[in-house]
Amino acid sequence: MASLNALIAVCLVYVFLLFCVAFLAERAGMKGRAGWLLRSPLVYTLSLSIYCTAWTFYGAVGYAARSGLEYVTIYLGPSLVIVGWWWILRRLVRIGRSHKVTSIADLISSRYGKSNALAIVVTVMAVIGVTPYIALQLQSVTSSLSIFAAAEQGGFNQGTEAASAALWIAIGLALFTVLFGTRNLNVNERHHGVVIAVAVEAVVKLIALLAVGVFVVWGIAGGVSETLARIDASALGTWQIDGSRWAGLTFVSAAAFLCLPRMFQVMVVENDDERHLQIASWAFPLYLMLMSLFVVPIAVIGLDLLPKGSNPDFFVLSLPLSQGREGLATLSFLGGFSSATSMVIVATLALSTMVSNHVVMPIFLYLRQGGATQSGDVRNVVLLSRRLSILGIIGLGYVYYQASGGSGALAAIGLISFAGVAQFLPAMLGGIFWRGATRIGALAGLGVGFALWVFTMLLPSFGPDVFLSAATFDNGLLGVGWLRPQALFGIPGMDPTIHAIFWSLLLNAVSFALVSLMTFPHPLERLQGAQFVNVFEHSAQTRGWQASVAESEDLMIMAQRILGASEAQRLFQAEAAGQGRRGYLPEPTPDFLQRLERELAGSVGAATAHAMIGQIVGGSSVSVQDLLAVADESAQMLEYSSQLEVKSRELSQTAAQLRNANAKLTQLSHQKDAFLSQISHELRTPMTSIRAFSEILRDTDGLGAIEKAKYANIIHVEAIRLTRLLDDLLDLSVLENGQVTLNMQTGSLVDLLDRAIATAQASEARNIRIDRRRLEETVELHTDLDRLGQVFINLITNAQKYCGADDPVLKIAVSRQGEAVVVDFMDNGPGIPRASRDVMFEKFSRIGAEDSNGAGLGLAICREIMTRLGGDVTYLDGTGGTAFRVVLPQAQALAAQ
Amino acid sequence: MGKHVLLVEDELNIIEAIRFLLSREGWQVDTHSNGTDAAQIIRERKPDLVVLDVMLPGKSGFDILEELRGHEETEDLPVLMLTARGQSRDREMAEKAGVSRFMTKPFSNTEVLTAVRDLLYVHGQRT
């Protein structure tokens, strides 16, 4: 037992070392160091080797021992896929990166309109499909321990010891995975530490297998030629190649390589650089070739040397042990252990991501939404659900291991898993190559394929009478003959594995295609489909044009339309000159096309520019996404232009206002000029008389007394005129500026008119007869009596001066207009011509009164006063003579009559 | 023999003053106070000099001057223009219209006399 304990100790140390490597790598990655290593194509290639699990490590030899070279198909499939990486893998990686895909379930659900139902279906299928595989790893580690134990003391007691060993191994693996994979959360679901650990394990298992191989060929057989001779002599050399099995197995392993959740994890999710695929495309097949190099020699020598009945699955281990090479056996054990652990870790990590993202979290969020709002950290919930998922998945593996009784060849169990996950292939490939694929189609295909796989492969794998009765095997489900699990549709004689793979995948693909054709995708699905299928046209890395067919002239015409003729010609000419060509048409190099696209984008938006160039260059058709982007841009432009429109409307309004204001200002300025001219004239005219006559009086000798008196009187009159003019101007200015303070008093209208008439008659030589009805005038007013009196005096004086009738009469009539008091002044003269009425209230407007020496300010002042008093003075039409109406507002007419 | 001066002016007191001044110098002073037919009156009466106010009822002094300059018989007629508006623009307008002498009111009596004398003398020299 000492050596078994030592083996366990070695395992623990090995695991601890791996953990250290992972930890250091993660820390370096976080600090941004060691990027050359973490993101190297070598690490990527080595991480792909988790394809080679314990099944490959141990089982390939067993496979070869049982079925000859058929094991090669398991390596052939992946090699074909990765050699043809350009076709599928590159596309998957590009989609995975541009859509931040976290798992194969995420990819499929995302492609079909982010359907959560689909994600759950894929997750459940993946868990069920991968469980046998995890059980396989448990079995291989347990069995290898058992081989060691057998070498010492005759093997485990199958009933208890193996079971407890398997349980401990399962617990250890679960802890290991939890520690490795869920120490922290990463948005991209990337695990640098895990990947590095996996790469290290890949190296360990390769070295172990090569070491065993070298030992077998040179240590036991004694050289290459001896080994070849032994191979020729063995039964292996005569194995017939079964074409259908070869094709079927190659196909299913290729499909599994693409669809296995753990492969998707390392290949797509953990991919740092698309170019790594290029290296991996030859490095990974090389790795596989090295892994398979010594499979046949080990199988042949093992069959030769080891006793009949030895499990060929463990020749890798038992051969060195039988030769007493414990060290080599330990290395070999570590290789197998590495294969098993790396697979379990990555597979459970990938599955737990799916389970937690697509099953647990939606349920949790749904429940939380229903309950009271908690402020719990979702992060912790995610981590917890990850860890529980890991435990659950490994637990399932353990249960399967127990249920399947730990029996069965490794290769057979592996193939069950392969065929199970291969059911994702139609939905996945259809999703990335065929835009017509729909969600319902994917669900149908997956459902049919999965059901057939369960019925024809998974359930029968437990043997008769475990899940399926022996009767079902023989007579079909429910006794229907063509529903026999290993001879569907009544076609017997097929190899059970090939039978299952053939029917499940065929009907899967057919239902997927047919249902897709019959259903219509909803818009989100359509959009996602377009993006997935056209991933290369859309992702940034391939935006460059390859325009060998581009027509420069067409481009020129388009550019002219958008940029304007001169701008476009300048651009093209400059480019042509730069290329050393004459004229204005340059070679449409990708660089130039890109520059042109940028220029156009400045005018019409990036998406439109891209679509336009795409149309002309012909390299790409305009896709739904392009159109959506164009529509988006157009909407933005529309909004922008409507904003511009509003702005320009506002601007033109402002401009109109400005124009009006300017016109007003100009008018005011003209008015001011005219006003100043008028004032100047009004002031200078009396001054001219005063100066002229004062000079005459001063300079003229011998003037008669009468003349002297006459001239002095003129000076006097003109001086008074001048003074009155100044008074009026000041008055008007005060009134116009609103600086006047009203002196509100109470008095009767009749008294006010009496005083006004008296004043007017005193100041004006020409008299006029006044016709009034005093009774009407008994109205009490509360207003500025002096100002109102000024208005009355002005109107009466005007009538006196300008009436012009032979028997001038001024009629003063007082009436009520509602609450307002109306005073009309009507003379019997010829009236005022219509044309003059508009301007008579303006300053300096004198109406045909040649002999007046008034300045034309009287009526302007009257109007200003009445405005201040809250009333009005207007010309009253239709009386025959000149008539003015003074209206006093009601508030100023007191009720007392 | 007394020269004939026609005074076109609407302010009675100013007419009185100018008439007094020019009459004392021995010139025959005639007056007219309406702008509308002033040019026609001038052509009819054929004065040796016109003293023209700017702000006249009916037609402005500028228009009358232009009309005078547009007729052959009055294109060289000496015109002394008087204005109470006193803006520099008025002087420019008057000069453009072909005024012989331009003065702003209130004027100095001596200046008016000198101006009239000059104009009559220069005009007399020429013809």
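Residues in the range A:858-879, backbone N under 19 Å from the label point at A:Gln745 (7 Å along the Cα-to-beta-carbon vector): list them, ranges by number please.
Zone members listed by number: A:865-866, A:868-870.
If ligands, DNA and RNA are left out, what is the accessible area of A:Glu587 with a 1.4 Å probe, given in Å² to the nearest 10?
Rounded to the nearest 10, the figure is 90 Å².
Just grab the label-to-label distance for A:Met289 and A:Gln667, each label 7 Å out from Cα along the Cβ direction, in nm (one decimal).
Here the modelled spin labels are 9.9 nm apart.
First select every other residue whose beta carbon is under 12 angstrom from the beta carbon of A:Phe315; then total the charges, Lys and Arg +1, Asp and Glu -1.
Values: positive: A:Arg66; negative: A:Asp304, A:Asp313.
For residues surrounding A:Phe315, the net value is -1.
Once the Cβ-Cβ distance between A:Glu599 and A:Val83 is put in as r, and R0 is 45 Å, what FRET efficiency do you end up with, to the nearest 0.05?
So, using R0 = 45 Å, E works out to roughly 0.60.
Which residues of the range B:26-60 end up with at least 20 Å² less accessible area in the presence of all protein chains than when their chain stands alone, using a 1.4 Å probe?
Buried by the other chains: B:Met55, B:Pro57.
Cα to Cα, under 13 Å, and not fewer than 8 places away if on the same chain: which aspartates and glutamates meet these conditions relative to A:Lys100?
By straight Cα distance, A:Lys100 reaches A:Glu189, A:Glu270, A:Asp272.
Let me check against my output: what whole-number percent is the relative contact order of the range A:38-135, with C-alpha pairs under 8 Å and at least 6 apart? Can you show the working numbers first?
Details: 27 pairs, mean separation 9.9, N = 98.
Relative contact order, the range A:38-135: 10 percent.
Of the accessible area of the range A:763-882, with the probe set at 1.4 angstrom, what percent is carbon plus sulfur? Intermediate results must be reported in sequence, preceding the final value.
Numbers: 2520 of 5470 Å².
Whole-percent figure for carbon plus sulfur exposure: 46.
Take peptide A:707-720, look around each residue's Cβ out to 10 angstrom, count Cβ atoms belonging to other protein chains, and average those counts.
Values: counts 1, 0, 0, 1, 4, 0, 0, 5, 1, 0, 1, 3, 0, 0.
Mean shielding count: 1.
Ignoring ligands, DNA and RNA and using a 1.4 Å probe, state the total buried accessible area between A and B in Å², rounded to the nearest 100. Display every interim value, and only then the final one.
Values: alone 41120 and 7070 Å², together 46040 Å².
Protein heavy atoms only, the A-B interface buries about 2200 Å².
For the range A:249-263, take each phi angle, set θ = phi - 60°, evaluate the Karplus expression 6.51 cos²θ - 1.76 cosθ + 1.60, and give the result in whole Hz per residue in order, putting x for glycine and proline.
Working through the residues one at a time gives 5, 4, 5, 5, 6, 5, 4, 5, 4, 7, 9, 4, x, 6, 5 Hz.
Report the accessible area of A:Arg659, computed with a 1.4 Å probe over the heavy atoms of all protein chains in place, in Å² rounded to the nearest 10.
Result for A:Arg659: roughly 150 Å² accessible.
Excluding A:Gln800 itself, what net charge comes from residues whose Cβ is under 12 Å from its Cβ, given Lys and Arg +1 and Asp and Glu -1?
+1
Local charge sum around A:Ala283 (other residues, Cβ-Cβ under 15 Å, Lys/Arg +1, Asp/Glu -1)? Could the numbers behind the result be given before it?
Numbers: positive: A:Arg275; negative: A:Asp273.
So the environment of A:Ala283 carries a net charge of 0.
Helices from chain B with mean Kyte-Doolittle at least 0.0 and a Cα length along the axis of 15 Å or more, per DSSP H: which? Intermediate results must be reported in sequence, preceding the final value.
Details: long enough: B:12-24 (18 Å, 0.98); B:109-126 (26 Å, -0.19).
Both cut-offs are met by B:12-24.
By how many nm would the segment from A:Phe675 to A:Gln560 grow when fully extended, if each residue of separation counts as 0.36 nm and the alpha-carbon distance is taken off?
Numbers: separation 115, 0.36 × 115 = 41.40 nm, distance 5.94 nm.
Result for the pair: 35.5 nm of gain on full extension.
How many times 2.2 N^0.38 Å is the alpha carbon radius of gyration of the range A:240-328?
Cα-based Rg divided by the globular estimate yields 1.48.
Residues of the range A:632-719: accessible area per residue at 1.4 Å, in Å²? Mind showing how you got there, number by number?
On the way: 5980 Å² over 88 residues.
Ligands and nucleic acids excluded, the figure is 68 Å² per residue.
If r is the Cβ-Cβ distance from A:Asp806 to B:Glu95 and R0 is 45 Å, what FRET efficiency results, to the nearest 0.05? Can you show the working numbers first?
Working: r = 48 Å, r/R0 = 1.06.
Rounded to the nearest 0.05, the efficiency is 0.40.
Work out, step by step, the length gained on full extension between A:Met687 and A:Arg816: first 0.36 nm times the residue separation, then minus their alpha carbon distance; give nm to one decimal.
Working: separation 129, 0.36 × 129 = 46.44 nm, distance 4.61 nm.
In short, 41.8 nm is gained.
Using Cα pairs under 8 angstrom and six or more residues apart, how large is the relative contact order of the range A:743-790, in percent?
On the way: 43 pairs, mean separation 34.0, N = 48.
Computed value for the range A:743-790: 71 percent relative contact order.
Lysines within cross-link reach of B:Lys3: Cα-Cα under 28 Å, excluding same-chain residues under 8 positions apart?
B:Lys3 reaches A:Lys708, A:Lys710, B:Lys46, B:Lys59, B:Lys96, B:Lys105.
Sort the following peptides by mean Cβ neighbour count (other Cβ atoms within 10 Å, averaged over residues), highest first: A:758-770, A:697-709, A:423-435. Could you put the intermediate results ahead of the total?
Values: A:758-770: 14.2, A:697-709: 10.3, A:423-435: 23.5.
Ranked by mean Cβ neighbours within 10 Å, highest first: A:423-435, A:758-770, A:697-709.
What residues does the range B:87-122 have that are buried by at least 50 Å² of accessible area in the full protein assembly compared to the chain on its own, 1.4 angstrom probe?
The answer is B:Gln87, B:Pro106, B:Asn109 - residues whose exposure falls by at least 50 Å² when every protein chain is included.
Whole number in Å², please: accessible area per residue of the range A:741-892, 1.4 Å probe, ligands, DNA and RNA not counted.
I get 46 Å² per residue for this part.
Averaged across A:675-688, how many Cβ atoms of other chains sit within 10 Å of each residue's Cβ atom? Working shown, then result.
Working: counts 0, 3, 9, 3, 1, 8, 7, 1, 4, 9, 9, 6, 3, 11.
So the per-residue partner count for this stretch is 5.
The values are calculated or read from the model by the stated rules, or taken from the named source; none is laboratory data. Just so it is clear, the model here is predicted, and its values are computed rather than measured. Counting neighbours? That spans all protein chains shown, and the Cβs are built from the backbone with ideal geometry, glycine included. Accessible surface areas use protein heavy atoms only, side chains included; no ligands, DNA or RNA. Shrake-Rupley method; radii C 1.70, N 1.55, O 1.52, S 1.80 Å.
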